[in-house]
Amino acid sequence: MSPAEIQQHLAAIEQQRVSALHALNQAKEQAKQDLAEVIKDMITERGYTLDDIVPLLTAKRRRPSSRRQKVQEAPVAAAPAPQGAYYVDPENAANVYVKGAIPGWMKQKMLSQGLDPKNKTDRNSFKADYLQRVAG
């Protein structure tokens with residue numbers, strides 16, 4: 001095949017793709033219309049009007065107010081302290097590193113300081129220079 005023939009072939013394929021996408025969109029739209037008709041028929045068969053049912057479909061569900069109050073009043077349990085030695089971020093005490101996988105906050109802080117979280121030497125220097133070690 002010559003380059004011109006290949007270009008023509010690609011143009012034909014692109015046109016087929018556009019046509020297929022258009023047909024797909026039309027089929028989806030028709031399926032939605034068909035579903036809407038089925039739902040309308042179900043509503044009228046049961047003696048209701050669309051005005052009776054549509055608000056129920058779009059209304060947001062809410063919890064009863066008594067449930068919300070109970071949730072808000074529930075005491076927040078403190079996270080258990082890690083056993084053994086661990087490291088704490090001096091800027092945010094909620095950021096704790098025990099051992100194992102490096103948490104996202106620690107990776108971000110290491111990267112911001114030009115350190116590689118995958119490099120053991122960089123991790124050790126970050127822990128020594130930046131984090132506070134808490135003996136457990």
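Only the coordinates and a few stated rules stand behind these numbers; no lab work does. Given the structure is predicted, the values throughout are model-derived calculations rather than measurements.
Side notes on the structure shown:
- Reachable lysines from Lys99, criterion Cα separation under 16 angstrom, eight or more residues apart if same chain: Lys107, Lys118, Lys120, Lys127
- Linear extension gain, Val88 paired with Lys60, 0.36 nm per residue minus alpha-carbon span: 5.9 nm
- The range 3-58: C-alpha gyration tensor shape, a/c 1.5 cut-off, then a/b vs b/c: prolate
- Residues with amide H under 5 Å from that of Val134, placed H, sequence gap 5 or more: Tyr86, Tyr87, Val88
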